[in-house]
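Chemist: Next up is a structure, given as structure tokens.
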Amino acid sequence: MPELPEVETIRSQLEKLIVGKKIKLVEVSLAKMVKLSLAQFKKTVVGSKIKSVKRRAKILIFELSNGWTMLIHLKMSGRLIFRVEGETLKDEDIKWNHLIYYFEDGSRLFHNDLRQFGYVKLIETDKLLDFFKKEKLGPEPLKKDFTLYNFLAILKTRPKVRIKQFLLDQKNISGIGNIYADEILFFAGVHPLRRVNKLKSKEIKKVFNGIKKILPEALRLRGSSDNMYLDALGEKGEYVSRLKVYGREGEKCKKCTGIVQRIKIGGRSAHFCPACQRP
Ligand SMILES: [Zn+2]
């Protein structure tokens, strides 16, 4: 699933590529991706300009010029790929393409999604704040106002939860998913099954430092293409080669002679080094 570094990569690329462009036409070949009537969707979107491209957690926010905002969640395997006039997608990407936005200058934005869990929603722009209030999302970890002090306060509200599950819960912190939760805990030397109230303050600090170090590093390399993810130019993110534990089950730890293990926690997997991250 695209996490904060991947979604933010797409956002910053699209900001440069599509802001100010007018949508001339929208083609929808899989209606269930759009969470309103297709007629209503097309009527609202066609003819409007993209005013801004923002992000909250893993949700992309496209503000339109007509008082409406389009929300896109890529969920498990969604992609948004931009192509200038005359350029198209690779064959395998066309196969899973469900929406195409045609801009007035001939460029296009393709929304494809192999597993089809993603969505497009429309919301009136002045109701956005209310919408996100109801979603009860935790703070944005890359923002300066996400401090160790805030982190401690949030940890105190979930004392019994295992730290891996704590990091994945979007109500605690926004944007962290399976890949970066595993990498953050490896960085911190904290076992994923440890419970929040059993962590020493030194360990909590290390987890916090891991969040502040790993997410920006992954963002600089345009995220991790472990399987489906491509950026808005259709390129792979380059952080995979830096991954220390995620997706490395059975391989040698990059820090010691241990072997990376994978376990299940509440339906999700966790990768860790049993020597570097003691239970
Ligand atoms: Zn190790």
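Bear in mind these aren't lab numbers, they're just calculated from the coordinates by the rules spelled out. Computed from a predicted model, the values in this text were never measured in an experiment. Methodologically, a virtual Cβ is constructed for each residue, glycine included, from the backbone with ideal geometry; neighbour enumeration extends over all protein chains shown.
Chemist: Go through the residues of the range 79-97 one by one and say whether even a single one is among the β-branched types (Val, Ile, Thr), surrounded by 16 or more Cβ atoms within 10 Å (Cβ to Cβ) and farther than 25 Å from TYR180 by Cα.
Modeler: Initial filter on the range 79-97 (among the β-branched types (Val, Ile, Thr)): 81, 84, 88, 94.
Of the ones still in play, those that are also surrounded by 16 or more Cβ atoms within 10 Å (Cβ to Cβ) are 81.
Within this subset, residues satisfying the condition of being farther than 25 Å from TYR180 by Cα are none.
Looking for residues that are among the β-branched types (Val, Ile, Thr), surrounded by 16 or more Cβ atoms within 10 Å (Cβ to Cβ) and farther than 25 Å from TYR180 by Cα, one finds none in the range 79-97, hence no.
Chemist: Something else about it: Give me a count of the residues in the range 13-58 that are over 14 Å from LEU109 (Cβ atoms), in contact (Cβ under 8 Å) with a residue 24 or more places away in the chain and assigned to a helix (DSSP H, G or I).
Modeler: Of the residues in the range 13-58, 4 are over 14 Å from LEU109 (Cβ atoms), in contact (Cβ under 8 Å) with a residue 24 or more places away in the chain and assigned to a helix (DSSP H, G or I).
Chemist: Would you be able to tell me the number of residues in the range 65-86 that are within 22 Å of PRO2 (Cβ to Cβ) and part of a loop (DSSP other than H, G, I, E, B)?
Modeler: 4
Chemist: Which of (1) of a type in the set (Ser, Thr, Tyr); (2) buried (at least 21 other Cβ atoms within 10 Å of the Cβ); (3) farther than 30 Å from LYS171 by Cα does THR9 not meet, given it meets every other one?
Modeler: So THR9 meets the others, but not (3).
Chemist: It is to be established whether one or more residues within the range 148-162 are buried (at least 16 other Cβ atoms within 10 Å of the Cβ), closer than 22 Å to PRO192 by Cβ and in contact with a strand residue (DSSP E or B) (Cβ under 8 Å, 6 or more places away or on another chain).
Modeler: yes
Chemist: Could you list, in sequence order, all residues of the range 242-277 that are within 13 Å of the ligand (Cβ to nearest atom), buried (at least 16 other Cβ atoms within 10 Å of the Cβ) and not in a loop (DSSP other than H, G, I, E, B)?
Modeler: Within the range 242-277, GLN261, HIS271, PHE272 meet the criteria.
Chemist: Within the range 229-241, is even one residue within 21 Å of THR9 (Cα to Cα), aliphatic (A, V, I, L, M), surrounded by 14 or more Cβ atoms within 10 Å (Cβ to Cβ) and within 15 Å of the ligand (Cβ to nearest atom)?
Modeler: For the range 229-241, residues within 21 Å of THR9 (Cα to Cα), aliphatic (A, V, I, L, M), surrounded by 14 or more Cβ atoms within 10 Å (Cβ to Cβ) and within 15 Å of the ligand (Cβ to nearest atom): absent.
Chemist: Sticking with this one: Among (1) surrounded by fewer than 16 Cβ atoms within 10 Å (Cβ to Cβ); (2) in contact with a Lys or Arg (Cβ under 6 Å, 6 or more places away or on another chain); (3) without any contact (Cβ under 8 Å) to a residue 40 or more places away in the chain, there is one condition LYS134 misses while meeting the rest; what is its number?
Modeler: (2)
Chemist: Could you figure out which of (1) buried (at least 21 other Cβ atoms within 10 Å of the Cβ); (2) in contact (Cβ under 8 Å) with a residue 40 or more places away in the chain; (3) not in a loop (DSSP other than H, G, I, E, B) isn't true of ILE214?
Modeler: In the conditions (1) buried (at least 21 other Cβ atoms within 10 Å of the Cβ); (2) in contact (Cβ under 8 Å) with a residue 40 or more places away in the chain; (3) not in a loop (DSSP other than H, G, I, E, B), ILE214 misses (2) alone.
Chemist: If the requirement is being over 19 Å from the mean Cα position of the chain (by Cα) and assigned to a loop (DSSP other than H, G, I, E, B), which of these qualifies: ASP145, ASP130, ASP126?
Modeler: On inspection, the qualifying residue turns out to be ASP145.
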